[in-house]
Structure formats: structure tokens, C-alpha cells
1. When the stretch 267-295 is examined, which residues are found to be within 27 Å of the chain's Cα centre (by Cα), over 18 Å from Leu332 (Cα atoms) and surrounded by fewer than 22 Cβ atoms within 10 Å (Cβ to Cβ)?
2. Exactly one condition in (1) exposed (fewer than 14 other Cβ atoms within 10 Å of the Cβ); (2) farther than 30 Å from Ser342 by Cα is not met by Lys108; state its number.
3. Would it be correct to say that Ile78 is outside the structural domain of Asp383 (by TED's automatic domain parsing), among the aliphatic types (A, V, I, L, M), closer than 30 Å to Asn109 by Cβ and in contact with a Phe, Trp or Tyr (Cβ under 7 Å, 6 or more places away or on another chain)?
4. Only one residue in Ser137, Ser141, Ser168 is small (Gly, Ala, Ser), assigned to a helix (DSSP H, G or I) and free of Cβ contacts under 8 Å to residues at least 40 places away in the same chain, so which one is that?
5. Among the residues of the stretch 30-40, are any more than 30 Å from Ser393 (Cα to Cα), touching a residue at least 12 places away in the same chain (Cβ under 8 Å) and either surrounded by 14 or more Cβ atoms within 10 Å (Cβ to Cβ) or not assigned by TED's automatic domain parsing to the domain that holds Gln377 (or both)?
6. Which one of these does Ser137 not meet: (1) loosely packed, with under 15 Cβ neighbours inside 10 Å; (2) of a type in the set (S, T, N, Q); (3) in contact with a helix residue (DSSP H, G or I) (Cβ under 9 Å, 6 or more places away or on another chain)?
7. Please pick out the residue among Phe262, Phe286 that is in a loop (DSSP other than H, G, I, E, B) and of a type in the set (Phe, Trp, Tyr).
Amino acid sequence: MKISVQNFGIISNASVEVNGISLIAGANDSGKSTIGKIFYSIVRGFNPEETVFVTEKNEFIRELYQQILRILRDNKAIDITNFQTTKVNEEWTKNVRQIIEKFEGQQKNRLNTYCVLLEKEFNVEFDSISSKIREVSRYFSIEFNDEISPIFNNKKVSRILLEDLEGSTTIEYSYVLDINRNISTFLTNSFFIETPSLINNSLQESILFEERFSREKEAHLKFALANESSFVGFDEKNDKENDEIIKIISKIILGELIIDDFSGVIYKKNGHQINIDNVALGIKGFGLIQLLLKNKQLNERTLLIIDEPEIHLHPNWQVLYAEILVLLSKKLEIPILLTSHSPYFIEALKAFSEKYNFQDKTNFYFSEKSKDGLTAQIVDVSDDISPILMSISEAHFKISDIDNE
């Protein structure tokens, strides 16, 4: 999957492809995480769950139905029992329209509006372009708090060109979102890891009480950590590779994370069980990947997005984490999108991609802010990552300057 972005938030221009591992590096507030949120929103927005779609559609129709009844009830000349029904459809809406002239002012306007909304809703079908526009809009609203237009020039149209195996489409935003062509995407799910701190005793609630579906990144991830996937694409080879990587992680953290229906999350080390709240975030970082693998939540059609994975890891573990990710993507064909500003992690990722002959599917991007700091563009530096390393090394030079004063 590839997206080309123009005028989205702080990003003036970007083109990022994920066909293995893709890493975006750059300064803070340069749009690195924005790309991850766009990918997450598109993958999940283009792949809604039918049961959720039907439930939400019926709830919306019922809500409009009740609003109309409240208005009709205020008019004593109307027998409201003629409009009480268990089946709200085009015929029912037509009957409402026939009596709208009996109302005036705001009530008349509201009835007209509700009827229009109902008529539109009746025509929205699952997996249609209308439903995908609605879904992507919901995800963008959650992820960006409706701040999609260029922050310092909101007159420009935000545009995303999405290119996938089955075709391409353009997503545009200018006060409202629009998609010009309905396509199916190869990627059907995505997990976004922002921090391993979500692995705590509250994760047990994801087993007992959490709803299976959520548009929120954290809730969606927590459910996957606590529950086995229903994905049926695993074969014997995948199972073997999956188990091997789980074992590698166990050797690194000298144990494993286990989720128990009654005890919650447990870190098991040398036969001893340790409360997860007493476990270091670095161990949780590896354990999070381990749990996803145990539950078979990671596969070739699930995009894994990790925002700055190095934050809670010692440099030695950053190197090992980079190796795990390369193995995940090479052996299990898991698409991975990363952001980072750690030289240890970035150089390790490059080294392991070459060691495992995976460099052709490992892409590096550099997010560079404009001189005035108001916008940023993201460029492909896969052939030469020196712009990334030079940017990171500026801190070292500043420290040297202080020492030389």
C-alpha cells in the first residue's frame, strides 16, 4: 500500500509505501506520526465490520424516527398512532412528508431535515463508497480532532492518493471528506502501538468486559492482546515461524507474558509469576509483540504501526527489537510502519535488513521541516540514510560545542 499526501496537517507533501518495513525519521512535530494515523484510518475505514455497520445504521434510523415522533406528538391534529411502527422505511417517510405542511418554522425545517437524512440512510449499503466515506471520516475525526486542513493555510485542499493492489483512489478533504472511487484494500486490519504501558492489570477487562469492536487505537489493540484472532490464513509454515519468533522474544526477556482470565497479565520468569505492574516497560515492549503473536493477530494483511519503539529500550535492546521486526516482516510477511529518532535503532534496522536480504522491502523516509517551521515534507532516503543520521547527530555536535566553550 502506498499513500501520497498533500496539505494534510503540517505535511505539505509526502509519499510513503509499505511493502515490508518502512521507517520515518525526523524532528519532533514534523508529521511522522501523522502518516501512521493516516494509514491506520484508511486501512480500518476501508474495512468496516458488517455487523457494526448494520447496528449503527439501525440505531441512527431509530434515533431519527424518535425525533420525528416527538415533533408529531406536539401537533394535536395528528394521530401519532398512525406513525408508530417497528419498520421505518421509504413508505413511512413518504407519509411523514405528506403532513409536513401542517407544521411551521423550526419544526417544519427539522422534519424536512430528518426525512432527508432518513432517505439518504436507506440508500447507504455496506461496503459502499458512502459507508467508507463515513468510516474514514470517523477515524480522521478521532485521530486528528478535525484538524485535517493545513494548520497555517486552511484554504488548501487536503488530498491523499491511495494506491493498492486492486487499484487507486483519491481522498480529499475540504470541510467535508470525499472519496472518488470505491476500492478494496489488501490490508484489512491495523494495530497502532504508541506505548507498551497499556499492558497492565486492566488488560484483563478486555477479556471480560471490552467490546470486540472499537475505533479507538488503544481499545482495538488491547482487545487483540487479550483475545485470539479469528483469521484463518495461517498454515503450518506460518505457525512454525510464529512460534520461533515467540521463543526468540522469550530468550530476550528471559520469560513470557501470559494473560489469565482471573489473574490478568502475568510476567512468567524462571518459573515465578511477577505482577505486570512491577515489570519494566522495556520488557512490556517485547511482550506486547509476543502477545500479538500468541493470539495470531499479526499476518500479511494486518498493518503493524509502532510509534518510536525505542523510547523505553536500552540501546542493546533497541538493536534486538530491530532484529525482531525484520524477522516478523520477512518470515511472516507482516507489513510494518515505524517512526524513530534513535541512531541505534535506525542503523540496526538497516543492518538487519541487509543481513537477512530484506533491504529491497525496507524503506527509509526523512521528514524535513520547512525553514519557517510551518510545514514539513517527507522524502524517500532508502538509498542513502545520511540525511537521517546527520539530523540525529546535531545533538552530539551541540554537546561538543558546549564542552569546547
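The values are calculated or read from the model by the stated rules, or taken from the named source; none is laboratory data. These numbers were taken from a predicted model, which means no experiment stands behind them. Neighbour counts are summed over all protein chains in view; Cβ atoms, including those assigned to glycine, are modelled from backbone coordinates with ideal geometry.
1. Answer for the stretch 267-295, where residues must be within 27 Å of the chain's Cα centre (by Cα), over 18 Å from Leu332 (Cα atoms) and surrounded by fewer than 22 Cβ atoms within 10 Å (Cβ to Cβ): Asp277, Val279, Ala280, Leu281, Gly282.
2. Evaluating Lys108 over (1) exposed (fewer than 14 other Cβ atoms within 10 Å of the Cβ); (2) farther than 30 Å from Ser342 by Cα leaves (1) as the failure.
3. On the way: outside the structural domain of Asp383 (by TED's automatic domain parsing): yes; among the aliphatic types (A, V, I, L, M): yes; closer than 30 Å to Asn109 by Cβ: yes; in contact with a Phe, Trp or Tyr (Cβ under 7 Å, 6 or more places away or on another chain): no.
So Ile78 fails the test.
4. Values: Ser137 fails: free of Cβ contacts under 8 Å to residues at least 40 places away in the same chain; Ser168 fails: assigned to a helix (DSSP H, G or I).
Unique residue meeting the criteria: Ser141.
5. We begin by selecting, within the stretch 30-40, every residue more than 30 Å from Ser393 (Cα to Cα); these are 40.
Restricting the remaining residues to those that are touching a residue at least 12 places away in the same chain (Cβ under 8 Å) gives 40.
Of the ones still in play, those that are also either surrounded by 14 or more Cβ atoms within 10 Å (Cβ to Cβ) or not assigned by TED's automatic domain parsing to the domain that holds Gln377 (or both) are 40.
Within the stretch 30-40, one or more residues are more than 30 Å from Ser393 (Cα to Cα), touching a residue at least 12 places away in the same chain (Cβ under 8 Å) and either surrounded by 14 or more Cβ atoms within 10 Å (Cβ to Cβ) or not assigned by TED's automatic domain parsing to the domain that holds Gln377 (or both).
6. With (1) loosely packed, with under 15 Cβ neighbours inside 10 Å; (2) of a type in the set (S, T, N, Q); (3) in contact with a helix residue (DSSP H, G or I) (Cβ under 9 Å, 6 or more places away or on another chain) applied to Ser137, the lone miss is (1).
7. On the way: Phe286 fails: in a loop (DSSP other than H, G, I, E, B).
Matching residue, one of Phe262, Phe286: Phe262.
Conditions (1) in a helix (DSSP H, G or I); (2) touching a residue at least 12 places away in the same chain (Cβ under 8 Å); (3) under 30 Å from Glu218 (Cα atoms); (4) under 35 Å from the mean Cα position of the chain (by Cα), marked per residue:
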residue: Val52; (1), (2), (3), (4): yes, yes, yes, yes
residue: Phe60; (1), (2), (3), (4): yes, yes, yes, yes
residue: Leu69; (1), (2), (3), (4): yes, yes, no, no
residue: Lys76; (1), (2), (3), (4): no, no, no, no
residue: Arg110; (1), (2), (3), (4): yes, yes, no, no
residue: Val124; (1), (2), (3), (4): no, yes, yes, yes
